[in-house]
Amino acid sequence: MTKPYLDAAIETALEAGKILREEYALPPEIRYKGDVDLVTQADRRSEQAIVSRLSRLFPEHSIAAEEGMGHVRSSEFRWHVDPLDGTTNFAHKYPCFAVSIALAQNGIVLAGVVYNPIYDELFAAARGEGATLNGEKISVSRVPTLSTSLLCTGFPVHKRRANPNIHYYYDFTLRSHGVRRDGSAALDLACVAAGRFDGFWEFGLQPWDTAAGVLLVQEAGGTVSDFEGQPYQLGGPVILATNSLIHEEMRETAIRISKRDPSAPFQAPIMGD
């Protein structure tokens, strides 16, 4: 039942990726949402192409798209579209960005695609059918402990002082092999699914940031929740995605960090505290 949806998502992501490659070769045309939140001509062209194609294929479906070109229909189906996840990277010519497209039915993601057009890496998943990278099956890593893991996270482009993540970044960096911050949540989740990263956490992400990536992680054998261990809901305040093996260790660590006084000066964490 999900194959037509996944096929449509793949074809649409490839079309949008072609647009991003074209725009990447040009000087970026930039405007701002607020003080520092970038929007480029590439975002707009990619989103227009995606929304146009999905509207033609599934006219009864709702589309939630980051740049506001989507529409609401009286349907249980909703596409979550990020036409360029990693806009700041794109604008600075750092080749870590992606198209992210997913379809949810009553909030349950059925199919999802994350596509990095510069490296031509297409991550795809359909519920109950596994996850793939360029057509080959992928699975999460087998790293068994937090201390031997490589993690990833992200920070918002605005209101960073109000974001608690620097405290988590500090602790998790000292407790693991390292924490990477590549600037694209969709690709971070895809890389957890592919076993490149062992865990990912972030605050305040939108459904279009995570919908496809969450399904990729789940279908690749990983676990996705909030810090309390409850199933992650699209648009929830915090997401934790792991290879399953380190999930409880990361979750318990995150809970301990959350109980500290955020105004206190940084101190090296006591291992096993």
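Identify the residue in the stretch 234-262 that is hydroxyl-bearing (Ser, Thr, Tyr) and open to solvent by 10 Å² or more (accessible area, probe 1.4 Å) and, among all such residues, is nearest to Arg78 (Cα to Cα).
Let us first name the residues in the stretch 234-262 that are hydroxyl-bearing (Ser, Thr, Tyr), namely 242, 244, 253, 258.
Those still in the list that are open to solvent by 10 Å² or more (accessible area, probe 1.4 Å) too: 244, 258.
Numbers: Ser244: 28, Ser258: 33 Å.
Here the answer is Ser244.
Confirm whether Thr153 is open to solvent by 30 Å² or more (accessible area, probe 1.4 Å) and touching a residue at least 40 places away in the same chain (Cβ under 8 Å). Let's see the steps before the verdict.
Details: open to solvent by 30 Å² or more (accessible area, probe 1.4 Å): no; touching a residue at least 40 places away in the same chain (Cβ under 8 Å): yes.
Considered against the rule, which asks whether it is open to solvent by 30 Å² or more (accessible area, probe 1.4 Å) and touching a residue at least 40 places away in the same chain (Cβ under 8 Å), Thr153 comes out as no.
Hey, could you check the stretch 104-115 for residues that are part of a strand (DSSP E or B) and of a type outside the set (Val, Ile, Thr) and say which is most open to solvent (accessible area, probe 1.4 Å)?
At the first step, the residues of the stretch 104-115 found to be part of a strand (DSSP E or B) are 104-105, 108-115.
Adding the requirement that they be of a type outside the set (Val, Ile, Thr) leaves 104-105, 110-112, 115.
Details: Ala104: 3, Gln105: 58, Leu110: 22, Ala111: 0, Gly112: 0, Tyr115: 5 Å².
Restricting to residues being part of a strand (DSSP E or B) and of a type outside the set (Val, Ile, Thr), the top hit is Gln105.
So that you can scan it fast, the table gives a plain yes or no per residue for (1) outside any loop (DSSP other than H, G, I, E, B); (2) surrounded by fewer than 20 Cβ atoms within 10 Å (Cβ to Cβ); (3) of a type in the set (A, V, I, L, M); (4) at pLDDT below 90:
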| site | (1), (2), (3), (4) |
| --- | --- |
| Tyr5 | yes, no, no, no |
| Leu38 | yes, yes, yes, yes |
| Ser46 | yes, no, no, no |
| Pro59 | no, yes, no, no |
| Leu84 | yes, no, yes, no |
| Lys93 | no, yes, no, no |
| Ala102 | yes, no, yes, no |
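When you check Ile118 against the structure, is it over 21 Å from Val238 (Cα atoms), touching a residue at least 60 places away in the same chain (Cβ under 8 Å) and in contact with a Pro (Cβ under 6 Å, 6 or more places away or on another chain), yes or no? Quick ask: steps written out before the conclusion?
Details: over 21 Å from Val238 (Cα atoms): yes; touching a residue at least 60 places away in the same chain (Cβ under 8 Å): yes; in contact with a Pro (Cβ under 6 Å, 6 or more places away or on another chain): yes.
When the stated conditions are applied, Ile118 passes them.
Evaluate the following for Phe197: is it crowded, with 20+ Cβ neighbours inside 10 Å, under 17 Å from the mean Cα position of the chain (by Cα) and assigned to a loop (DSSP other than H, G, I, E, B)? Give the steps one after another, and end with the answer.
On the way: crowded, with 20+ Cβ neighbours inside 10 Å: yes; under 17 Å from the mean Cα position of the chain (by Cα): yes; assigned to a loop (DSSP other than H, G, I, E, B): yes.
So Phe197 fits the description; yes.
Any idea which of Ile50, Ile118 is hydrophobic (A, V, I, L, M, F, W, C), in contact with a Lys or Arg (Cβ under 8 Å, 6 or more places away or on another chain) and either open to solvent by 40 Å² or more (accessible area, probe 1.4 Å) or in a helix (DSSP H, G or I) (or both)?
Numbers: Ile50 fails: in contact with a Lys or Arg (Cβ under 8 Å, 6 or more places away or on another chain).
None of the others qualify; the one that does is Ile118.
Which count do you get for residues in the stretch 220-233 that are over 19 Å from Tyr169 (Cα atoms), touching a strand residue (DSSP E or B) at 6+ places or on another chain (Cβ under 8 Å) and surrounded by fewer than 24 Cβ atoms within 10 Å (Cβ to Cβ)?
Narrowing the stretch 220-233 to residues over 19 Å from Tyr169 (Cα atoms): 220-223, 229-233.
If we keep only those that are touching a strand residue (DSSP E or B) at 6+ places or on another chain (Cβ under 8 Å) as well, we get 220, 222-223, 231-232.
Add one more test, that the residue is surrounded by fewer than 24 Cβ atoms within 10 Å (Cβ to Cβ), and what stays is 223, 231-232.
Number of matching residues: 3.
Counting only residues that are assigned to a loop (DSSP other than H, G, I, E, B), open to solvent by less than 30 Å² (accessible area, probe 1.4 Å) and either touching a residue at least 40 places away in the same chain (Cβ under 8 Å) or not hydroxyl-bearing (Ser, Thr, Tyr) (or both), how many does the stretch 164-193 have?
Of the residues in the stretch 164-193, 1 are assigned to a loop (DSSP other than H, G, I, E, B), open to solvent by less than 30 Å² (accessible area, probe 1.4 Å) and either touching a residue at least 40 places away in the same chain (Cβ under 8 Å) or not hydroxyl-bearing (Ser, Thr, Tyr) (or both).
Which count do you get for residues in the stretch 121-148 that are out of contact with any Lys or Arg (no Cβ under 9 Å at 6 or more places or on another chain) and in a loop (DSSP other than H, G, I, E, B)?
Taking the stretch 121-148 and keeping what is out of contact with any Lys or Arg (no Cβ under 9 Å at 6 or more places or on another chain), we get 121-125, 127-128, 132-140, 142-145, 148.
From what is left, the residues that are in a loop (DSSP other than H, G, I, E, B) are 127-128, 134-135, 138-140, 142-145.
Result for the stretch 121-148: 11.
The values are calculated or read from the model by the stated rules, or taken from the named source; none is laboratory data. Computed from a prediction, not measured in an experiment: that's the story for all the values here. Glycine gets a Cβ as well: all are built from the backbone with ideal geometry, and neighbour counts include every protein chain shown. Side chains included, ligands, DNA and RNA excluded: accessible areas come from the protein's heavy atoms. Shrake-Rupley method; radii C 1.70, N 1.55, O 1.52, S 1.80 Å.
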